[in-house]
Each structure stands twice: as C-alpha cells, then as structure tokens.
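Peer 1: First the structure, which I've put down as structure tokens, then a few questions once you've had a look.
None of the figures in this text is laboratory data; all of them are computed from the coordinates on show. It should be emphasised that the depicted structure is a prediction, and the values quoted were computed from it without experimental measurement. Heads up, the Cβs are rebuilt from the backbone with ideal geometry, glycines too, and the neighbour counts pull from every protein chain shown.
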Ligand code: UGA
C-alpha cells in the first residue's frame, strides 16, 4: 500500500514539500495551526511567489490527493510518515534558533499518532535537537503505537523549490533505525531510482550537514565581498577575479557574485544560530570566523548607501529609484533582504525612494510602508537622480539603457549586484558604478 504522508507546517518548505510529494503520487495531508493559511491552501491558493508551485498545488487540491487541515488528530490517524517543516526563527534579541514550534509540533503529532509511523524532521535545527526530540517522541507516543524518528534536512532554494524537491542533488538522513531508513527510501524511491545519492548517517551529522552547507555558502559570498573591498580601494575587476578563481574546479564559480550581500530567511539566521550553538557546547572560538562573514556581509549594505551619498552629495530630497527589494530574484521574500534594508536607509537619510520589484512590493510595503512603491519600472525611474539595481531580476539585467535615458533626471546607476554590462551603459551616456569596483 502506498504510504500516506503528512507535512506539518505549511510555510515555504512545507507547502513545497506537500505539493511535490503529491506530485510523486502520495496522498498528502498538510497541517498547520494557522486556519487562514489552511483555508487558502485548501482552495488551491498559495500565499507565496514560487515558480511552478501554484500549478502543482491547484492540480493536487483538485484531484483530492493533497488536502489540508488544522487537526493533529486527523493527521495522527492518517499518516504513515509525518514530516516536520515548521520554522526555527532567530530568537528575539538573540542569535540562537527558536525551537518552540518544532518541539510543539513533534510532541503534538507523537501524541496524536494512532498507528505505527515515522516522524521526520526537516527544519534547520541546532545540532543535538534530533536526539532530544527522539526522546520526546518516545515519551509522548501512545502505548502500543511505535513511532520512529529520523532527521532529513532540506536543501531547497527559493525560486527553484519545486525542481530542488523533485530532483534533489542529494538526500541526507540521520537515524538509528533500519526501519526508518527503509521507509524514507520508499518515500524518495523516485529520486533514488535516478541515482540521487542517499546518505544515511547519524542524527548529529544529518543536522550538521545542513548548517555546514549554508555556512559554507555564506562564507563564499563574504569571501568575494571581502575582496571587493580591496578592489574598491585599489582598482581591479571583481567579476573577472571571481571568474578566474572560479575556473579552478576546487573553488567553483557559483556563489562568488559580489554585491550587496546575502539575505533571506536562511543564510543570515543559520550562521548566527550555528555560532550560538557551538558556544553553548563550550566551543566559543570555533565558529568565530562566521562573525566576520556576517560583518563583511552587513558592511556591503553600508557601502551601497555610501556610494549613493557620494554620488548625490546629500540624499536629502533626491529621488532614488530602487530596482528590486526581494532578497534575491524570482522570489517575493523580503526577510533580511539587503536590498530592502538599503532602500529603507536611503529613505532615512532623506531620499525620496521609489521602489519597483516584480513580486516583492506587497511584502516590502508591510515592512516599510513609507517607501513609494510603484508597479512599473518606468514609473520608478521617472525623474530619478539615481537608479540603484539591488536585486538582479532578469527584467533589470536586460534593461536597454537608451530607453531609460530620456526618462531620468540624471543618467547614473549603481549596480548593486554586478550584473550590468558596463560598456553598454557607458556607450549610452550613463555613469555606472558597480559595487566591488573603484568609483
Ligand atoms: C539557501 C541555500 O542556498 C539552500 O540550499 C538552503 O536549502 C536554503 O538556504 C535553506 O536553508 O532553506 P535561499 O535562502 O533560497 O537558499 O537563497 P540562496 O540562493 O542561497 O541566496 C541567499 C542570498 O545570497 C541571496 O540574498 C542572494 O542574493 C545572495 N547571493 C547568492 C549573493 O549575494 N551572491 C551569490 O553569489 C549568491
């Protein structure tokens, strides 16, 4: 009999996982305590921007293979495998991860399970959590019901969530039970049949793989951004530098794009939570370099504001067009977005800031309602003293500078993501300043 799956937590990760598991042929029940979210998902409506996901959600809510509920009792009676996909945000005023939602949902589903089943954690957690949660499951599950436990970190990227879930580049599972492994191999049979590596390990390694991957990616970005501080001072071309070192297969070109740095709901909070966790373990200096990674990253935002101030003399009363406020392209997510942070700081320094983002205006305006959000590029740049490209949507990368020339007040643009073609902009009479280049 085909396994029945539940996915607890229907945010970014959970909604994607639930819809993709339905696409693979499983019957899936999505569970969340937020009734409004459950109602909208049940209608096939997705509250986030993610290419390909709305189609999957609609297809499988219509077919009935994917349903949603707020009831843990219903989930406990239904599921053979329960995926935990709730958030682990940064604790208020601290760097450590908040485990409240993970603990509560693991305990609730363990109590509610009325048949032998497997609980699988997917959230990003401090190392040591899985072993503790396994103990919690043993305490909370009903007599006569066997509830196994495993850890299976998720590596999906926003903007590519569907592809990353259906065709992952690796599967990692931490457990101490052969039965748990056999069940998870059944869930992921499709990917395994296409030779996706399946790494079976202990709880601690599985948890650490996730944070190590994100810490490495963050370090790579700050590494190139630290070099951009050097090229901004001495001269040189940061893009060529990245291309040249990236050709060494041991280094690789990806995640070496210099600019205003990383943001989002994962990289920044994960490097902070990792430091907090290793300090708790008594290893205070072990991950100290991640402080530097964080600091280099935040200095990029200062640099973007400084470049704008230098170009305009003072920001007071100047019109600045901000192109892009999502933390990266193909996303409407503005959590810890460097672009939105820069836009807000330009505003605080007196600029009149017009913002256009193809998807993130609505989310950004909830955080910073005072910026002037417009729904077209041409409106944003009209009469601008300065244009700042802060998120590299393809719509911006492909702008024809000649078309904007008659619209702005001053033909000057800051390329905060190092994606524009200098020669083209210069030939059209623009002053173009790319972050990472001497100005
Ligand atoms: C990241 C990881 O890439 C995923 O593998 C992981 O599963 C996910 O976190 C998570 O923990 O859930 P995501 O947050 O979607 O995924 O974003 P990334 O594509 O990693 O980009 C993060 C930030 O780095 C963005 O702000 C992006 O603009 C920035 N970035 C990326 C750079 O500044 N330069 C680069 O070269 C690459």
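Peer 1: How big is the shadow of the Cα convex hull of the stretch 4-200, averaged over all directions, in nm²? Intermediate results must be reported in sequence, preceding the final value.
Peer 2: Working: hull surface 42.4 nm².
That works out to 10.6 nm², a quarter of the Cα hull's surface.
Peer 1: Alpha carbon centre of the stretch 320-371 versus the stretch 75-142: separation in Å?
Peer 2: About 34 Å separates the Cα centre of the stretch 320-371 from the one of the stretch 75-142.
Peer 1: Once the chain is represented by equal point scatterers at the alpha-carbon sites, with solvent omitted, what log10 I(q)/I(0) does the Debye formula produce at q = 0.08, 0.09, 0.12 Å⁻¹?
Peer 2: Calculated log10 I(q)/I(0) at the listed q: -0.50, -0.63, -1.03.
Peer 1: Separate question: What nm value, rounded to one decimal, do you get for the distance between residue 194 and residue 33 when each label is placed 7 Å out toward the C-beta?
Peer 2: Distance between label points: 3.6 nm.
Peer 1: Separate question: Taking the stretch 217-434 on its own, what percent of its Cα-Cα pair distances exceed 28 Å? List each step's numbers first, then the result.
Peer 2: Details: 6906 of 23653 pairs.
So the portion of pairs separated by more than 28 Å is 29 percent.
Peer 1: Can you tell me which of 185, 194, 58 moves the most in a GNM of the chain? Springs connect C-alpha atoms under 10 Å apart.
Peer 2: Its mean-square fluctuation being the largest, the pick is 194.
Peer 1: Another question, if that's okay. Subtracting the Cα-Cα distance from 0.36 nm times the residue separation, let me have the gained length for residue 438 to residue 202 in nm, one decimal. All intermediate terms of the calculation are to be shown ahead of the outcome.
Peer 2: Numbers: separation 236, 0.36 × 236 = 84.96 nm, distance 4.85 nm.
Value of the extension gain: 80.1 nm.
Peer 1: So, R0 is 45 Å and r is the distance between the beta-carbons of residue 170 and residue 431; what FRET efficiency does that work out to, to 0.05? Before the final figure, lay out the partial values.
Peer 2: Numbers: r = 45 Å, r/R0 = 1.01.
Computed FRET efficiency for residue 170 and residue 431: 0.50.
Peer 1: Give, in nm to one decimal, the length gained when the segment between residue 362 and residue 104 is fully stretched (0.36 nm per residue of separation minus the Cα-Cα distance).
Peer 2: Numbers: separation 258, 0.36 × 258 = 92.88 nm, distance 3.09 nm.
Here the segment from residue 362 to residue 104 would lengthen by 89.8 nm.
Peer 1: When the label point is put 7 Å from the Cα of residue 213 along its Cα-to-beta-carbon vector, which residues of the stretch 267-286 have a backbone N closer than 19 Å?
Peer 2: Output list for this probe position: 267-275.
Peer 1: Using a Förster distance of 35 angstrom, determine the FRET efficiency expected from the C-beta separation of residue 299 and residue 405, and round it to 0.05. Walk me through the numbers before you get to the answer.
Peer 2: Values: r = 32 Å, r/R0 = 0.93.
After rounding to 0.05, the efficiency reads 0.60.
Peer 1: Using only the alpha-carbon atoms, how far is helix 129-140 inclined from the longest principal axis of the chain? Give it as 0 to 90 degrees, nearest 10.
Peer 2: 40 degrees
Peer 1: Work out Dmax and Rg for the stretch 1-92 from the C-alpha atoms and quote the Rg first, both in angstrom.
Peer 2: When restricted to the Cα atoms of the stretch 1-92, Rg and Dmax are 12.3, 45 Å.
Peer 1: Moving on. What is the distance, in nm, between label points placed 7 Å from the Cα along the Cα-to-Cβ direction at residue 291 and at residue 255?
Peer 2: Those two pseudo-labels are separated by 2.3 nm.
Peer 1: Another question, if that's okay. Below 8 Å between Cα atoms, with a sequence gap of 6+, how large is the relative contact order for the stretch 217-434 in percent?
Peer 2: On the way: 383 pairs, mean separation 38.3, N = 218.
That works out to 18 percent.
Peer 1: Oh, and also: State the dimensionless ratio Rg/Rh of the stretch 86-208 (Rg: radius of gyration of Cα atoms; Rh: Kirkwood radius). Kindly include the intermediate steps, with their values, before the conclusion.
Peer 2: Details: Rg = 14.9 Å, Rh = 15.3 Å.
Radius of gyration relative to Kirkwood radius: 0.98.
Peer 1: Another question about this same structure. How many angstrom lie between the C-alpha centres of the stretch 184-223 and the stretch 1-36?
Peer 2: Each part reduced to its Cα centre gives a spacing of 20 Å.
Peer 1: Ok, one more. Mind checking the angle between helix 289-312 and the chain's longest principal axis? C-alpha axes, 0 to 90 degrees, to the nearest 10.
Peer 2: On a 0 to 90 degree scale, this one is about 30.
Peer 1: Can you tell me, using C-alpha contacts under 8 Å and at least 6 residues apart, the relative contact order of the chain as a whole percent?
Peer 2: Working: 892 pairs, mean separation 50.4, N = 439.
Answer for the chain is 11 percent.
Peer 1: Angle, helix 100-112 long axis vs. longest principal axis of the chain, Cα atoms, 0 to 90°, nearest 10?
Peer 2: Its long axis makes an angle of about 20 degrees.
Peer 1: Arrange the following residues from fewest to most other Cβ atoms within 10 Å of their Cβ: 323, 133. Write out the running numbers ahead of the final one.
Peer 2: Values: 323 28, 133 23.
In order of increasing Cβ crowding within 10 Å: 133, 323.
Peer 1: How much length is gained on full extension from residue 40 to residue 179, taking 0.36 nm per residue of separation minus their Cα-Cα distance?
Peer 2: Details: separation 139, 0.36 × 139 = 50.04 nm, distance 3.58 nm.
Contour length minus the Cα-Cα distance gives 46.5 nm.
Peer 1: Restricting to DSSP H runs of at least four residues, report the calculated mean residue ellipticity at 222 nm for the chain, -39500 (n - 2.57) per run over all residues, nearest 500 deg cm²/dmol.
Peer 2: Result for the chain, helices only: -13500 deg cm²/dmol.
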